[in-house]
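Q: Below is the structure I would like to discuss, written out as structure tokens.
What follows is calculated from the coordinates using simple rules that are stated; it is not laboratory data. The model shown is predicted, which means the values in this text are computed figures rather than measured ones. Using ideal geometry, Cβ is built from the backbone for each residue, glycine included, and neighbour counts are taken over all protein chains shown.
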């Protein structure tokens, strides 16, 4: 059975063909539609502006001024859009202007209902515009029959409303967590181009809310030097929880531009100034990768004192390979088992591999495979490599073959 296409699929297809990035704004507008519809109307207007600018760039058309109403007229005069599309765009612009000029307050129920009605109608006009453009510009008729996606759940609406109303860092942090979990849930079901794009949108929105939580919780009075980027300044005094959540997301997903340098800067602040154990462990791995072994050990030991599981993986590697000092397998195994006790999936993968090859511990193929499979299920990257190797060796052994004969 073919999947029922939705307006979210429509927006993604338009982004891909026109090289725009409208999906995040559109989804955010849907999230706010029944909570603060004025925000949705403003977002819908921004999307219409982007569409007009994209069409003008594609046709090498220069607008005479910055007014959206003039853009729509000039696109029609230049025969970029037809009369039908021109009229729809003008109706959408009129509806969206109500979100800009009308104050939407919880106490004014009549105004709220009016704006919500406008937002629902504006959504339909916007969908119609994009359907029309895909059909005319790209001869894509696959989205002529679509279903409007359900609005986000009541739980998400309440979280968003609470964040907007109270402007508390903890509220924005909760919204960020919600979107991040939504991204993981999306990827857990079926990974394809569309679900990956949707998950990336959720990750990006989560990152935006974590950053807002950081900015709201930072000390506005403290100056740390004009040479530092704004977010780096914020990180000096903001709450640790949203800061670490943002760093973790930046390490997993590209949620902002030039994120590699910024991620490392934020990681150092979280490790050195906020003394966060996870950040200290991660910074230790950065030092280790750059062959600064003594610095790596210093931060891993600090992190291990706070029982950060990942730190024990680093200390195991350090003593097992002996880069910073002589090899000490007894100490290496001690650190590794401490990490396993703390449910470190990386340590579980390492111990499983050692059991499968009979190194440092007694050979136990069954238990080793169990630990590796468990780490794979929890997303440990190294465990995937160990899984392929050990499963191949296991199958060969079952056939009476010795893997060493094939090396």
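Q: I need 90, 144, 45 ordered by Cβ neighbour count within 10 Å, fewest first.
A: So the residues, fewest neighbours to most, are 144, 90, 45.
Q: Given contacts defined as C-alpha pairs under 8 Å and at least six residues apart, what's the relative contact order of the chain, whole-number percent?
A: 9 percent
Q: Binning at 10 angstrom from zero up to the longest distance, how are the C-alpha pair distances of segment 263-407 distributed in percent?
A: With a bin width of 10 Å, the distribution comes to 13, 36, 32, 14, 4, 0.
Q: Roughly speaking, what is the stretch gain from residue 251 to residue 124, that is 0.36 nm per residue apart minus the C-alpha to C-alpha distance, in nm to one decimal?
A: The span from residue 251 to residue 124 would gain 42.0 nm if fully extended.
Q: I've got another one for you. Which order do peptides 353-363, 78-88, 241-251 fall in by mean Cβ count within 10 Å, highest first?
A: 241-251, 353-363, 78-88
Q: Using 0.36 nm per residue of separation minus the Cα-Cα distance, give me the extension gain between residue 90 and residue 298 in nm, one decimal.
A: Full extension of this stretch gives 68.6 nm more.
Q: FRET efficiency for residue 391 and residue 291, Cβ-Cβ distance as r, R0 = 30 Å, nearest 0.05?
A: After rounding, the FRET efficiency stands at 0.35.
Q: Beyond 29 Å, what percent of the Cα pairs of segment 1-150 remain?
A: Across segment 1-150, Cα pairs with separations above 29 Å total 16 percent.
Q: Using alpha carbons only, how many degrees (0 to 90, rounded to 10) separate the axis of helix 37-58 from the longest principal axis of the chain?
A: Computed tilt is about 90 degrees.
Q: Now, a different point. How far, in nm, would the chain grow between residue 66 and residue 166 when pulled straight, counting 0.36 nm per residue and subtracting the alpha carbon separation?
A: Full-extension gain reported as 32.6 nm.
Q: Can you show me the helix-derived [θ] at 222 nm for the chain, built from DSSP H runs with n ≥ 4 at -39,500 (n - 2.57) apiece and divided by the number of residues, rounded to the nearest 500.
A: So the calculated ellipticity at 222 nm is -23500 deg cm²/dmol.
Q: FRET efficiency for residue 363 and residue 46, Cβ-Cβ distance as r, R0 = 51 Å, nearest 0.05?
A: 0.25
Q: Return the inverse of the average 1/r over all pairs of distinct C-alpha atoms in the chain, which is the Kirkwood hydrodynamic radius, in Å to one decimal.
A: 25.0 Å
Q: While we're here: Taking R0 as 35 Å, what's the FRET efficiency between residue 328 and residue 260 from their Cβ-Cβ distance, rounded to 0.05?
A: Plugging the Cβ-Cβ distance into 1/(1 + (r/R0)^6) gives 0.55.
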